[in-house]
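Working notes, structure below.
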């Protein structure tokens, strides 16, 4: 296997109007860090969702680890960290990681060791017993990253993983990423920050749903005769004559922002406005799976842990049903005339016949 991901002439259109991806073809090599670099709305998140199987696409448009993207067999090989915080706010940091470790398939004997290792990697060991809802945004981001790192995946896909993190932790994470690559993991990282591009082994520069360049940082600088990736990106944009009347580019945070309607924060619009290419967000392989009793038990355990942190719900569960039963007994057994007012006449006649 020479390539971890192959994308073949992929186009994605939302609401039949905005083209998120326009005839994108791409090959991502194994055991390297590939950076998807571009402004907000350039199509990075849509491309990532296509790779991890969150979009239903025509067959063989996206091949991941020699399988069609979204295949059930890829679940243990591909880990994905989205921009949205995908953890439970009413569980502690440790309880979240334990839950996802069990879902991934860790046996009880190995869960706590792997969870403790991950807590130290993301520098959250001291906060392991804190509720997620009490954490800062950056700390929640770290916990989400920890979930993605739990399973030793062959392909690790990270959508803006360093947003909101302090420089020291970012440096530590990049060291970790390079160590994972040495062990054979392929990493795809999306970012709108040009400063992180130089840390990648390969770069894919995107704008307005198209790939405008794909090569190593060194070769891109040589090709454009510039000294940093941001200058290279701007030169490539200029060479492509992308600043047209119907496709205006606006300066924002030292880079160009195009298609603001496709900004990564507009996820609700993406989820509800699909054309024929995106007829369903859940692949058939996922929907048709049978019941997994281990995961069902794990999920039930997670719900019970959540209830422990919610005394109001516990009170409703244990106090309200007995109260209702007592009230019904009092009304209908103690005062028959009340029952007679509500019961049909047929009930009353049959009762004394």
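We did not get these values from a lab; they are worked out from the coordinates using the rules stated. Just so you know, these numbers come straight off a predicted model, no measurement behind them. A quick note on method: Cβ atoms are made from the backbone with ideal geometry, for glycine too, and the neighbour counts reach across all protein chains shown.
Key figures
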| item | result |
| --- | --- |
| Burial ordering of 60, 215, fewest other beta-carbon atoms within 10 Å first | 60, 215 |
| Segment residue 296-residue 73, length gained on full extension (0.36 nm per residue, minus Cα span) | 78.4 nm |
| Contact order normalised by residue count of region 70-211, Cα under 8 Å, 6+ apart, percent | 28 |
| Packing-based exposure ordering (other Cβ within 10 Å, fewest first) of 82, 301 | 301, 82 |
| Burial ordering of 108, 14, fewest other beta-carbon atoms within 10 Å first | 108, 14 |
| Gyration tensor verdict on region 1-138 (Cα atoms; rounded if a/c is under 1.5, prolate if a/b is larger than b/c, oblate otherwise) | prolate |
| Backbone N under 18 Å from the residue 313 label point (7 Å along Cα→Cβ), restricted to region 67-103 | 86-100 |
